[in-house]
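Note sheet for the following structure.
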Amino acid sequence: MSIKPDHWIRKMATEHGMLEPFVDKQVREGVVSYGLSSYGYDIRVADEFLVFTAGLGDLTIVDPKHFDERSMVPFKGPVCVVPPNSFVLARTVEYFRIPRNILTICLGKSTYARCGVIVNVTPFEPEWEGYATLEISNTTPLPARIYANEGIAQVLFFEGDPPLQSYADKKGKYQKQVGITLPKL
């Protein structure tokens, strides 16, 4: 398995629509950086969020098999405030079409990590397609700001032999998601 450099990412994005919209350079001035980097792509968070609020309804436990949608409050705006010791779900600005021989790993940016804001590490499997739903945790006892349309995480692209069964072959439950998607069974 090998990590793919910037010229490969540029080619796959521009010629094969692997990620759209594609920014072919690192944008940094006055924003949390996003765009093409040496060995990855810094993705942006859209301005749509679901904020976890445990105080709503009769929620006593978080259960991925029976997730209570009432615990999530929709928010749309340029800055989302994540409550202390809580999280938000958000989607990427970029839409992905991962090739069959590629696996990606999505990692949070150090700018946010240095503030106690963590993006869950997650793979984008071969032939997965859609906007990524990201979980952004605030590990601090204070509210934390997330800036929409700015960098939130970096995606690294790894090439290997094509798998026997891709995400599309399995008819994965998060295939072609277009909005923020809650847990599914």
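What follows is calculated from the coordinates using simple rules that are stated; it is not laboratory data. No experiment lies behind these values; they were computed from the predicted model shown. In this analysis, Cβ positions are derived from the backbone assuming ideal geometry, glycine residues included, and neighbour counts consider all displayed protein chains.
When the listed pairs 65/176; 76/176; 11/184 are checked against a 28 Å cut-off, the alpha-carbon distance exceeds it for 11/184. Each of 94, 129 was scored by other Cβ atoms within 10 Å of its Cβ. Listed from fewest to most, they are 129, 94.
Sorted largest first, the spans of the alpha carbon positions of the chain along the three principal axes are 48, 41, 24 Å. Between helix 6-16 and the chain, what is the angle of the helix's C-alpha long axis to the longest principal axis, kept within 0 to 90° and rounded to the nearest 10? Once rounded, the angle reads 90 degrees.
For every helix of n ≥ 4 consecutive DSSP H residues, a contribution of -39,500 (n - 2.57) applies; sum these over the chain, divide by its total residues, and give [θ] at 222 nm rounded to the nearest 500 deg cm²/dmol. It would help to have the intermediate numbers written out before the result.
On the way: 2 runs with 15 residues, N = 185.
Calculated mean residue ellipticity at 222 nm is -2000 deg cm²/dmol.
The modelled label-to-label distance between residue 62 and residue 156, using points 7 Å beyond Cα along the C-beta direction, is 2.5 nm. Annotation: the residues 75, 49, sorted from fewest to most other C-beta atoms within 10 Å of their own C-beta, follow the order 75, 49.
Taking the chain as a Gaussian network of alpha-carbon nodes connected by springs under 10 Å, the highest mean-square fluctuation of the residues 106, 115, 80 belongs to 115. Pairs of Cα atoms nearer than 8 Å and 6+ residues apart set the relative contact order; for the chain it is 28 percent.
Subtracting the Cα-Cα distance from 0.36 nm times the residue separation, let me have the gained length for residue 118 to residue 86 in nm, one decimal.
Details: separation 32, 0.36 × 32 = 11.52 nm, distance 1.08 nm.
Working it through step by step, the gained length comes to 10.4 nm.
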